[in-house]
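Engineer: Take this structure first; my questions come after.
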Amino acid sequence: MAGRRTATLSSARPAGSRKNKKSPSLKNPFTLVTLYASNEGNAKPFKVHTDFACHYSPVFKAAFSSDFIEGQSQEYRLDVDEEEIVRLLVEWFYTQTLNTCQPDEKLDDAASMEEDLLLAKLWVLADKLLLPQLQNQVLDRLHEVCEAVGRLPLGCFHYAYSNTPPGSPLRQWCV
């Protein structure tokens, strides 16, 4: 789909502030962690190489190397309500790109608003997981969509204001 994009909008934490700029390795190719899209018992599991999850997210690194339940079980339940958000996150771990329909495909208004909302939810999740590079890419994608379709992504405004603090880069982008 879309190629690798360079962040042009700033997130809450500069993407360049990561100490470890090397690519993740597969030193332990058989070591996996499981991410779940909710706290519900029937949530779909997403298996991810531990090296990738922990390389990009200091939250995962701390959780999976701790004595807490996440470290013991190697499972992490994300506070999201759609599997598609976790799919986008996992795919980003491996490709560093966002695989969305927009702006390359023209969607009807309902599908467009749904994808805009997914991107806003992904931005909020990336904020919780301390993933500024992903946050920057989400803001870039929202900006691209806005320019391509000639409208603001209205599907994400309410969510952004309900789920981010004042001064949040996502809120600022919405203004």
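Engineer: Tally time: how many residues in segment 117-155 are in contact with a Lys or Arg (Cβ under 8 Å, 6 or more places away or on another chain) and over 19 Å from Trp92 (Cα atoms)?
Structural biologist: Selection size over segment 117-155: 1.
Engineer: Given the structure, is Val90 at negative phi and touching a helix residue (DSSP H, G or I) at 6+ places or on another chain (Cβ under 8 Å)?
Structural biologist: So Val90 fails the test.
Engineer: Given the criteria at pLDDT below 95, surrounded by 14 or more Cβ atoms within 10 Å (Cβ to Cβ) and either touching a helix residue (DSSP H, G or I) at 6+ places or on another chain (Cβ under 7 Å) or assigned to a helix (DSSP H, G or I) (or both), does Leu122 qualify? Let's see the steps before the verdict.
Structural biologist: Values: at pLDDT below 95: no; surrounded by 14 or more Cβ atoms within 10 Å (Cβ to Cβ): yes; either touching a helix residue (DSSP H, G or I) at 6+ places or on another chain (Cβ under 7 Å) or assigned to a helix (DSSP H, G or I) (or both): yes.
Answer is no for this residue.
Engineer: Restricting to segment 126-169, give me the number of residues that are touching a Cys at 6+ places or on another chain (Cβ under 8 Å) and surrounded by 20 or more Cβ atoms within 10 Å (Cβ to Cβ). Write out each step before concluding.
Structural biologist: Of segment 126-169, the ones touching a Cys at 6+ places or on another chain (Cβ under 8 Å) are 142, 152-153, 156-157, 160-161.
Now restrict to residues that are surrounded by 20 or more Cβ atoms within 10 Å (Cβ to Cβ): 142, 153, 156, 160.
Final tally of qualifying residues: 4.
The values are calculated or read from the model by the stated rules, or taken from the named source; none is laboratory data. Only a predicted model underlies this, so the values are computations on that prediction, with no experimental measurement involved. With ideal geometry, Cβ positions are generated from the backbone for all residues, glycine too; neighbour counts draw on all protein chains shown.
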